[in-house]
Amino acid sequence: MISSANAGRRGKDVRSDCWVEITLRDSGGLHLSLKSKVDVLYGRSIRALVHDVLQFYGITDAEVQVDDSGALPYTLAARVEAAVRRLRPDEQRSYLLPFEEGITAPSARDRFRRSRLYLPGNDPKLAVNAAIHQPDGIILDLEDSVAPDQKDAARLLVRNTLRAVDFGGAERMVRINQLPAGYADLEAVIPQLPDLILIPKCESVEDVCDVDAAIDRIQREHGLTATVYLMPIIESARGALHALDIAGASPSVVALAIGLEDYTADIGAERTLEGNESLWMRGMVVNAARAAGVQPIDTVFSDVGDMDGLRASAREARSLGFDGKGCIHPRQIAVVHEAFLPETKELEKAKKIVSAFEDAERRGLGVVALGSKMIDPPVVKRALRTIDIAVKAGVLSAAWREEGGNV
């Protein structure tokens, strides 16, 4: 049995985090050494929380060192718990701070998912203020952004984040690890009421059904009934070939996303800015998603300094039929939202088509005409969708007919 373990991060570049080391002793009680710039203001509450966590786990004799870099209570509690669990690998109990009221709200199957902001699951510094940037979804990532030897600590931090942080109107998302490692992620996060689980590297119906069944079991064990939506991520040639089956694998699937770094590696191609190497796969996913009635979501744009490139990429994604795009930096969110909005000329045309369609319906006409041009049903359908996007985005009033089309 090991006698010393640590968790967390420290250093001059670390913010909103802490480093905790626990060394067990045979006797002598608890001795806590705290290094914090806010010791004068918050030292007493920091020490009280550390003692409370250790008391919960029955640790009465130990040397404890805490290097605090502005950690909030939920982060401090997660780091102390992670150190305890590394001392005791068989420990199953969870130290849970109270669930903050008002930080959850039911999501919706067809809500906006234009942007989804990835946050590394083991770094708390971006989570508290993430809602300020108003992404449609915030992803607490337990997969690629977390080093293998930090997965356990990240899982506890993400669990506590879901209980403590208000993400505003953003959908609360978690990207788990591939199964079977992902089972431990689900056990930790499902009781904390996430809105959506991203399934990475999804290649088959079974990949979706296994996650769906695990969520159902965990919810029954905790008496939960809230819907947890699924977003499988297609990241391989095999996944692309099975995209339609994956999209229809469960009623909980609301979107298909793509991951092009893994996909291009899988097919042996270099990922380029032009994207010709992934055009077939992107079309495959869009068609599969539309056929299954779910949303197709494009991959991330990895150059956070190239706003023009991001804008062009997002516009291209929209032209291909995607509903949204992944973001790896908050500055990308506004650009993506703008790119997925209908342009003024497009919106004005859509309003004319919808007005003509509704006028024909009122008069019992079987044919819709705009001026001297006949309007086909698919054109009406696309116009209705354009109007719907504009209304949901707040750039067009829901009462645009009565208001002459103004916001």
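The values are calculated or read from the model by the stated rules, or taken from the named source; none is laboratory data. Small disclaimer: the values here were computed from a predicted structure and weren't measured. Cβ sites come from the backbone with ideal geometry, for glycine too, and all protein chains shown count toward neighbours. Side chains included, ligands, DNA and RNA excluded: accessible areas come from the protein's heavy atoms. Shrake-Rupley method; radii C 1.70, N 1.55, O 1.52, S 1.80 Å.
Could you count how many residues in region 4-42 are under 26 Å from V128 (Cβ atoms) and either among the acidic types (D, E) or touching a Leu at 6+ places or on another chain (Cβ under 6 Å) (or both)?
Final tally of qualifying residues: 5.
A314 - would you say it is modelled with pLDDT under 95 and either open to solvent by less than 50 Å² (accessible area, probe 1.4 Å) or basic (K, R) (or both)?
no
What pairs come up if the first residue lies in region 1-21 and is part of a loop (DSSP other than H, G, I, E, B), the second is of a type in the set (A, V, I, L, M) and open to solvent by 50 Å² or more (accessible area, probe 1.4 Å), and their beta carbons are under 8 Å apart, counting only those six or more places apart or on different chains?
S16/L72; S16/V128
Report yes if S4 is surrounded by fewer than 19 Cβ atoms within 10 Å (Cβ to Cβ), more than 19 Å from A147 (Cβ to Cβ) and in contact with a strand residue (DSSP E or B) (Cβ under 9 Å, 6 or more places away or on another chain), otherwise no.
yes
Restricting to region 360-383, and then to whatever is in a helix (DSSP H, G or I) and out of contact with any Phe, Trp or Tyr (no Cβ under 8 Å at 6 or more places or on another chain), can you tell me which residue is least open to solvent (accessible area, probe 1.4 Å)?
Filtering region 360-383 for residues that are in a helix (DSSP H, G or I) and out of contact with any Phe, Trp or Tyr (no Cβ under 8 Å at 6 or more places or on another chain), the one least open to solvent (accessible area, probe 1.4 Å) comes out as A360.
For region 388-407, does any single residue satisfy the condition of being open to solvent by 80 Å² or more (accessible area, probe 1.4 Å) and among the β-branched types (V, I, T)? Show your work before the answer.
The initial filter retains those residues of region 388-407 that are open to solvent by 80 Å² or more (accessible area, probe 1.4 Å), namely 392, 401-403, 406-407.
Adding the requirement that they be among the β-branched types (V, I, T) leaves 407.
Yes, some residue in region 388-407 is open to solvent by 80 Å² or more (accessible area, probe 1.4 Å) and among the β-branched types (V, I, T).
If you go through region 324-359, how many residues are under 33 Å from the mean Cα position of the chain (by Cα), of a type outside the set (D, E, K, R) and either part of a loop (DSSP other than H, G, I, E, B) or under 30 Å from K373 (Cβ atoms) (or both)?
Total meeting the criteria: 10.
Give me the residue from region 43-93 that is of a type outside the set (A, V, I, L, M, F, W, C) and closer than 19 Å to A127 by Cβ and, out of that set, surrounded by the most Cβ atoms within 10 Å (Cβ to Cβ). Don't jump to the end; show me each part of the working.
Taking region 43-93 as the starting set, the residues that turn out to be of a type outside the set (A, V, I, L, M, F, W, C) are 43-45, 47, 51-52, 55, 57-58, 60-61, 63, 65, 67-70, 73-75, 79, 81, 85-86, 88-93.
Narrowing further to those that are closer than 19 Å to A127 by Cβ: 68-70, 73-75, 79, 81.
On the way: D68: 24, S69: 22, G70: 16, P73: 15, Y74: 24, T75: 25, R79: 29, E81: 27.
This residue is R79.
Closer than 14 Å to L156 by Cβ, touching an Asp or Glu at 6+ places or on another chain (Cβ under 6 Å) and of a type in the set (A, V, I, L, M): which single residue out of A71, A78, A5 fits that description?
Answer to the check: A71.
For every residue, the table says whether it meets (1) of a type in the set (S, T, N, Q); (2) at pLDDT 95 or above; (3) open to solvent by 10 Å² or more (accessible area, probe 1.4 Å); (4) in a helix (DSSP H, G or I).
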{"residue": "S33", "(1), (2), (3), (4)": "yes, yes, yes, no"}
{"residue": "L41", "(1), (2), (3), (4)": "no, no, yes, yes"}
{"residue": "P98", "(1), (2), (3), (4)": "no, yes, yes, no"}
{"residue": "I103", "(1), (2), (3), (4)": "no, no, yes, no"}
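Of the residues that sit in region 136-162 and are under 15 Å from the mean Cα position of the chain (by Cα) and of a type in the set (D, E, K, R), which one is nearest to Q295 (Cα to Cα)?
D136
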